[in-house]
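Visitor: Can you read through this structure? Questions will come right after.
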Amino acid sequence: MSLQMVSTVSNSSLLQPGFSLLNFDGHVFFFGQKGWPKRSCPTGVFLLDIKQKELKMKPAFFSKDSCYLPPLRYPALCTLRSDAKADEYQYIIHGGKTPNNDLSDKLYFMGLVSKTSKKMTFQCVEKDLGGDVPEARYGHTINVIHSRGKSVSVLFGGRSYTPLAQRTTEKWNSVVDCLPSVFLIDFEFGCCTSYILPELQDGLSFHVSIARDDTIYILGGHSLQNNIRSPNLYKLKVDLPLGSPAVTCTILPGGISVSSAIVSQISDTEFVLVGGYHSDNQKRLVCNTIVLEDSKIEIVESVGPEWTPDIKHCRTWFGCDMGKGSVLLGIPGANKQIIPDANYFYILRCKGAEEDKEEELITQICSQTSSEDPGDSTPFEDSEEFCFSAEANSFDADDADTYNEDDEEDESETGYWITCCASCNIDINTWVPFYSTELNKPAMILCSSGAGHWVHAQCMDLSETMLLRLSEANVKYFCNKHVDLNKGLQTPQKVVCLKKPPMKPLRKKRTMKLSASTKKSFLRRLFE
């Protein structure tokens, strides 16, 4: 084994405990940042590009027909192949924590649909589940087994929030062990079936599971209820006949009391177990080799790397399997008070130079990252002990497509995450889609007052129907602050006077002119 320090890490603030690494055709992708994705990488999935001991992050892309995949920390994931020897595969992702600290119960399939020299495009599909659907959880495992020409996924363990009926104000977000049930999930119909086995008495989380053919081995794990790390080694065997599946469990000797360990596959039948914790305050620096042959498992202690003093003396560490026998490890910086949020990263290569070649990952492996101090509850997971990051570093000129977190600094003033009004409650770390048209950023609308400014549609209390009508119609919009002012400044509309028909002039009375003699004669007759 060899240990190499990554001297410069770009945007390491995104690499927080609970992340996952996906390996597609030898390329490693990061998934599960702590906050909601930003505009520079709305998918939240990054390619980890390692060159000359520098780790850089480049945005990944999804096809137009993909569903939205939120950033999930501590999910369960594994690879899915059509059969045990197939070359193409996709990842199954279940559960995990969202940036709002909500727990997910959804199941996603993520696969590679196109690949060029500079761009890899993924497709993500959400699978509808029915039957005995597993509750929302994190810190669990999922594996794929093959039996009699059929395949199902097996889900076990994890933690969830205390049921609503049992919550109190003081322990509202406290977590508990999930029941030790084994779930079988059918890929074609999404039907879930739960099994209760007498050998599994305690709920476990942050354990290690390794699957081969129709058998799954479960090693270690932490139980919150008993505050122990199980020394047992469980063997789950799943048979898929024409009728109902059969699930059996056997307790084997030779287990290891460990939690939050990492497993990396180095050959068809050989794995390496690194990291984890013996207890709440004691890391496990011993490495083990796990060999699976002929339905048997053998665990032996192996020679580990020369751990650096920083790794030996740090209280916590975290990491994930990179595939091909490599592990990415992170530790908190020693000078937290001087350089806040500083992480140091190492790459542990478990294979020798003569064995470092491309190998097929035939066996499905699923291990939780060595990230959480397992003896503590949810609030401690998100405390300062687990929130270390480093400032972004400058990139080379030829890496124009490299994600740079510095590009996001102006979003508080000019982007989607502005404070649009006095009552604005849109926050990048807590925002969730409100309208059906939103994906990874809030809907905004332009206020036409003065030079114009953007406001969030949600803060303006706009209904989705009104928002669509305003976006389609060519009319001016004024926000709640300026709508009354605009009405006072508006010029009254010109009133068009109706034309009245002219009245007909009155007819003049005819008068007769009388002579003087006639007048006298008329007056004489009148007074006679």
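The values are calculated or read from the model by the stated rules, or taken from the named source; none is laboratory data. Predicted, not measured: the structure shown is a model, and the values here were computed from it. Methodologically, a virtual Cβ is constructed for each residue, glycine included, from the backbone with ideal geometry; neighbour enumeration extends over all protein chains shown. Ligands, DNA and RNA are excluded from the accessible area calculation, which covers all protein heavy atoms including side chains. Shrake-Rupley method; radii C 1.70, N 1.55, O 1.52, S 1.80 Å.
Visitor: Give the residues of the stretch 44-74 that are of a type in the set (F, W, Y) and in a strand (DSSP E or B), sorted by residue number.
Guide: Across the stretch 44-74, the qualifying residues are F46, F61, F62.
Visitor: What's the number of the condition C41 fails, among (1) assigned to a loop (DSSP other than H, G, I, E, B); (2) open to solvent by less than 10 Å² (accessible area, probe 1.4 Å); (3) touching a helix residue (DSSP H, G or I) at 6+ places or on another chain (Cβ under 8 Å)?
Guide: Result: C41 passes all but (3).
Visitor: (1) modelled with pLDDT of 90 or more; (2) more than 25 Å from the chain's Cα centre (by Cα): which one isn't true of F206, the others all being true?
Guide: For F206, the exception is condition (2).
Visitor: Return the residues of the stretch 151-191 that are more than 18 Å from H140 (Cα to Cα), polar (S, T, N, Q) and either touching a helix residue (DSSP H, G or I) at 6+ places or on another chain (Cβ under 9 Å) or modelled with pLDDT of 90 or more (or both); say none if nothing qualifies.
Guide: Residues satisfying the conditions are S151, N173.
Visitor: Filter the stretch 119-150 down to residues that are aliphatic (A, V, I, L, M), within 30 Å of S174 (Cα to Cα) and free of Cβ contacts under 8 Å to residues at least 60 places away in the same chain, then give me how many there are.
Guide: 2
Visitor: Mind checking which residues of the stretch 178-199 are closer than 25 Å to S260 by Cβ, open to solvent by 10 Å² or more (accessible area, probe 1.4 Å) and not polar (S, T, N, Q)?
Guide: Of everything in the stretch 178-199, those that are closer than 25 Å to S260 by Cβ, open to solvent by 10 Å² or more (accessible area, probe 1.4 Å) and not polar (S, T, N, Q) turn out to be L179, P180, F183, L197, E199.
Visitor: Conditions first: (1) in contact with a Gly (Cβ under 8 Å, 6 or more places away or on another chain); (2) surrounded by fewer than 20 Cβ atoms within 10 Å (Cβ to Cβ); (3) in a loop (DSSP other than H, G, I, E, B). N101 passes all but one, so which condition is the exception?
Guide: Going through (1) in contact with a Gly (Cβ under 8 Å, 6 or more places away or on another chain); (2) surrounded by fewer than 20 Cβ atoms within 10 Å (Cβ to Cβ); (3) in a loop (DSSP other than H, G, I, E, B) one by one, N101 breaks only (1).
Visitor: In addition: Pick out the one residue from S267, S230, S279, S260 that is surrounded by 13 or more Cβ atoms within 10 Å (Cβ to Cβ), at pLDDT below 90 and touching a His at 6+ places or on another chain (Cβ under 9 Å).
Guide: Numbers: S267 fails: touching a His at 6+ places or on another chain (Cβ under 9 Å); S279 fails: touching a His at 6+ places or on another chain (Cβ under 9 Å); S260 fails: at pLDDT below 90.
Answer to the selection: S230.
Visitor: Sticking with this one: Does the stretch 282-302 hold any residues that are part of a strand (DSSP E or B) and either touching a Ser or Thr at 6+ places or on another chain (Cβ under 7 Å) or surrounded by fewer than 15 Cβ atoms within 10 Å (Cβ to Cβ) (or both), and which are they?
Guide: Scanning the stretch 282-302 gives Q282, C287, N288, T289, V291, L292, E293, K296, E298, V300, E301, S302.
Visitor: Restricting the search to the stretch 152-177, which residues are more than 24 Å from the chain's Cα centre (by Cα) and either surrounded by 20 or more Cβ atoms within 10 Å (Cβ to Cβ) or part of a loop (DSSP other than H, G, I, E, B) (or both)?
Guide: Within the stretch 152-177, V152, R167, T168, T169, E170, K171 meet the criteria.
Visitor: Residue by residue through the stretch 313-329, note down the ones that are part of a strand (DSSP E or B) and of a type outside the set (S, T, N, Q).
Guide: Residues satisfying the conditions are F318, G319, C320, D321, M322, G323, V327, L328, L329.
Visitor: Is it true that L242 is over 31 Å from the mean Cα position of the chain (by Cα) and open to solvent by less than 20 Å² (accessible area, probe 1.4 Å)?
Guide: Judged against the criteria, L242 is not a match.
Visitor: Something else: Restricting attention to the stretch 286-300, report how many residues are modelled with pLDDT under 90 and either acidic (D, E) or in contact with a Gly (Cβ under 8 Å, 6 or more places away or on another chain) (or both).
Guide: So the count comes out to 2.
Visitor: Now for a separate question. Does Q458 meet the test of being at pLDDT 85 or above and either open to solvent by less than 60 Å² (accessible area, probe 1.4 Å) or part of a loop (DSSP other than H, G, I, E, B) (or both)? Spell out how you get there, then give the answer.
Guide: Working: at pLDDT 85 or above: yes; either open to solvent by less than 60 Å² (accessible area, probe 1.4 Å) or part of a loop (DSSP other than H, G, I, E, B) (or both): yes.
Criteria met by Q458.
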